[in-house]
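Below is one structure, written out as structure tokens; comments come after it.
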Amino acid sequence: MNASPANAHLSGLVTEACRRIRGADPTPTLAELADGAGLSPSYFHRLFKASTGLTPRQYAHAVRAERVRGRLGAGDAVTESIHAAGFGSTSRFYETAGARLGMEPRRYRAGGAGSEIRFAVAECSLGALLVAQGDRGICAITLGDDPELLVRGLQDQFPRAELVGGDADFEALVARVVGFVEDPSIGLDLPLDIRGTAFQERVWQALRQVPAGSTVSYTELAERIGSPAAVRAVAGACAANRLAVAVPCHRVVRRDGDLSGYRWGVER
């Protein structure tokens, strides 16, 4: 959105709605959120999705799943984590658990135990490139100078998952990723397993809408997701991105247009 007073007001309404969703239990209905913003439900729904990349319901679900991930990562029991996060029943959570965690909740709590992740390392113009794929799609595209360090990073992320070297079919998939890295304009028509906090997913969705060859500042990106004051948090979400180039955090620059930090090195 442009930084006009009217657009700033609308961004503020979305930001306040996000706060309400995160702080309320149970989650406010669309009608309640729209009434709080002084807008019709249909207009508020369009405004919220345009600002965040998610519908209010999807955002609320992402917030609850974020809480589950945090509790499971801390070792809490699965059922306790689900109810503490605000899910009314375990069945409602399990309906979409795979999409949000990338695996069954008990596997996630156990560091990926019992899950299989295929991976391979290749070379491209940016150095070593690791591509990893789980049941839900490509879960990591990382860049570096040392292939061994890239593999260690994958092991750290899923310490108890079974890491399996890619076969011929997977090598072909990696070749497509390499081609995309060399020329992002060709696109990457592969399933991506994009998982993060609700806020991170909003940032990453907005990044994927930045055209190849274009740039955006951290401030502009914060405005686009309806959180103009969250510039530092936007930078943190960019730094947490595990899908290099596919989620183009390299297209974010400082307000003056200069390069700033980049997870895989400013030189790249």
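Side notes on the structure shown:
- Yes/no for ARG118 being modelled with pLDDT of 50 or more, closer than 25 Å to PHE158 by Cα, in contact with a Ser or Thr (Cβ under 7 Å, 6 or more places away or on another chain) and open to solvent by 60 Å² or more (accessible area, probe 1.4 Å): no
- Residue in region 75-87 that is more than 18 Å from the chain's Cα centre (by Cα), within 29 Å of LEU221 (Cβ to Cβ) and modelled with pLDDT of 70 or more present: no
- Qualifying residue in region 161-178 (condition: under 19 Å from the mean Cα position of the chain (by Cα), at pLDDT below 90 and not assigned by the TED database to the domain that holds LEU54): no
- Inter-residue pairs, beta-carbon under 8 Å, first in a loop (DSSP other than H, G, I, E, B) and in region 16-44, second of a type in the set (Val, Ile, Thr), 6+ apart: THR27/ILE21; PRO28/ILE21
- Count of region 218-253 residues which are open to solvent by 50 Å² or more (accessible area, probe 1.4 Å), touching a residue at least 12 places away in the same chain (Cβ under 8 Å) and under 29 Å from ASP183 (Cβ atoms): 4
- Test for GLY187: is it open to solvent by less than 40 Å² (accessible area, probe 1.4 Å), farther than 25 Å from ASP256 by Cβ and free of Cβ contacts under 8 Å to residues at least 12 places away in the same chain: yes
Residue-wise test of (1) in contact with a strand residue (DSSP E or B) (Cβ under 6 Å, 6 or more places away or on another chain); (2) touching a residue at least 60 places away in the same chain (Cβ under 8 Å); (3) within 25 Å of ALA62 (Cβ to Cβ).
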position: PRO147; (1), (2), (3): yes, no, no
position: GLU182; (1), (2), (3): no, no, no
position: PHE199; (1), (2), (3): no, no, yes
position: LEU207; (1), (2), (3): no, no, yes
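The values are calculated or read from the model by the stated rules, or taken from the named source; none is laboratory data. Keep in mind that what you see is a predicted model, and the values were worked out from it rather than measured. Cβ atoms come from the backbone with ideal geometry, glycine included; neighbour counts cover every protein chain shown. Keep in mind that these areas ignore ligands, DNA and RNA; they rest on the heavy atoms of the full protein, side chains included. Shrake-Rupley method; radii C 1.70, N 1.55, O 1.52, S 1.80 Å.
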